[in-house]
Ligand code: ACO
């Protein structure tokens with residue numbers, strides 16, 4: 001039995017591989033100038049501090065599972081498989097369609113999958129990397145054969161468009177990315193296709209520095225008119241502290257990913273970091289010594305789509321013909337929890 005053991009330390013002859021990638025953002029584009037019409041902000045404030053020019057928002061009635069389904073269809077098509085081949089769905093999100101059940105259940109039904117395992121991962125900006133480690137562990141034990149891992153968020157229906165929430169609201173956008181994961185036999189070397197390293201961690205001491213309080217199971221009832229008036233249904237953030245932690249933890253875990261796999265920056269074709277803030281990613285890349293040409297940043301067009309940023313980045317690189325099979329890709333993320341993680345993958 002492997003229960004409780006760290007699978008990352010097992011010899012990696014069987015590797016988890018990405019068989020297909022997909023992404024989807026809703027069509028409605030909201031620019032910084034659009035936001036400046038409803039709150040006291042400006043492109044002059046937002047762009048230099050964050051690197052964001054625009055983000056995409058859903059229309060009323062579209063939930064995180066709907067975005068995830070579109071990304072999943074693209075990933076399955078590229079993988080050459082159908083919903084009938086999937087036996088595990090992992091859905092990473094901080095904005096599930098409803099409080100319960102998890103959005104993975106909606107995806108299972110909407111895609112017409114068999115009655116398979118479907119679970120949500122709630123680790124915010126690190127959600128895709130947590131999900132990757134969960135899938136990797138479950139696939140390499142042979143418990144499942146083909147996993148659909150989705151990162152999807154609808155932020156636009158849950159942020160404060162008054163001046164009170166402007167520091168958070170300008171950062172976020174809606175979107176989804178997905179990966180179909182399977183396994184392949186490797187030689188146990190860095191040349192192998194597939195996942196070479198995953199590491200995730202958390203420190204709840206920072207939980208209240210980036211969180212959303214309501215509705216809360218600790219209050220009777222969970223949501224009151226007073227709580228709504230106080231804006232407790234909206235996320236709040238200690239931006240400077242998040243910036244400091246992100247620029248410490250992302251380089252730390254990325255360095256661990258490289259050294260654990262016996263890889264160097266020269267071996268990398270791409271660094272695909274979480275997209276929280278372009279300044280965070282520039283500083284992280286500088287600390288790691290990764291040249292700008294190897295860093296994939298798309299926050300300018302999408303804002304922060306939390307659990308979706310990394311799979312959107314991976315899928316976009318393929319769509320644009322910038323990544324190729326055999327490329328070595330480093331990933332790192334940091335977010336609410338606090339949570340953070342890193343992964344090294346050969347496409
Ligand atoms: N438009 C205009 N002015 C604003 C806005 C806005 N959207 N938001 C805040 N301000 C004002 C503030 O009220 C403040 O005004 P004051 O000086 O009169 O008090 C001023 O701008 C400066 O505010 P600061 O918070 O000091 O701005 P800072 O330079 O720290 O930048 C930012 C804020 C961009 C959020 C930064 O702290 C940051 O990037 N932190 C990282 C947080 C992050 O990326 N979170 C994403 C989610 S978590 C994740 O994915 C990792």
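Quick notes
- Contact order relative to length of segment 11-88, as percent, for alpha carbon pairs under 8 angstrom and 6 or more apart: 44 percent
- For segment 194-346, convex hull volume per residue from C-alpha positions, Å³: 128 Å³
- Folded to 0 to 90 degrees: helix 309-319 orientation relative to the chain principal axis, Cα: 60 degrees
- Packing order of peptides 107-116, 173-182, 143-152, highest average first: 173-182, 143-152, 107-116 (average count of other Cβ atoms within 10 Å over each peptide's residues).
- Segment 91-115 and segment 315-347 have Cα centres spaced 24 Å apart.
- Taking the chain and dividing mean pair separation by its residue count, relative contact order in percent (alpha carbons under 8 Å, at least six apart): 25 percent
- Rounded to the nearest 10 degrees, the inclination of helix 239-261 to the longest alpha-carbon principal axis of the chain is 0 degrees.
- Rounded to the nearest 10 degrees, the angle from helix 64-79 to the longest Cα principal axis of the chain is 30 degrees.
- Per-residue extension of 0.36 nm, minus the Cα-Cα distance of residue 98 and residue 59, leaves a gain of 12.4 nm for this segment.
- Long-range Cα-Cα pairs in segment 129-200 (distance over 21 Å), rounded percent: 47 percent
- Here segment 300-330 is scanned for amide nitrogen atoms under 19 Å from the site 7 Å beyond the Cα of residue 122 along Cα-to-Cβ, giving 306-308.
- Label separation (residue 217 vs residue 201): 2.8 nm, computed from points 7 Å beyond Cα along the C-beta direction.
- GNM top mover of 213, 17, 25 - the chain, alpha-carbon springs below 10 Å: 213
- Fraction of alpha-carbon pairs over 35 Å apart in the chain - percent: 18 percent
- Extension reserve of the residue 260-residue 190 stretch, reckoned as 0.36 nm per residue once the Cα distance is removed: 24.1 nm
- Compactness relative to 2.2 N^0.38 Å, alpha carbon Rg of segment 13-186: 1.12
Only the coordinates and a few stated rules stand behind these numbers; no lab work does. Small disclaimer: the values here were computed from a predicted structure and weren't measured. Don't worry about glycine lacking a Cβ; one is built from the backbone with ideal geometry, like all the others, and counts go over all protein chains shown.
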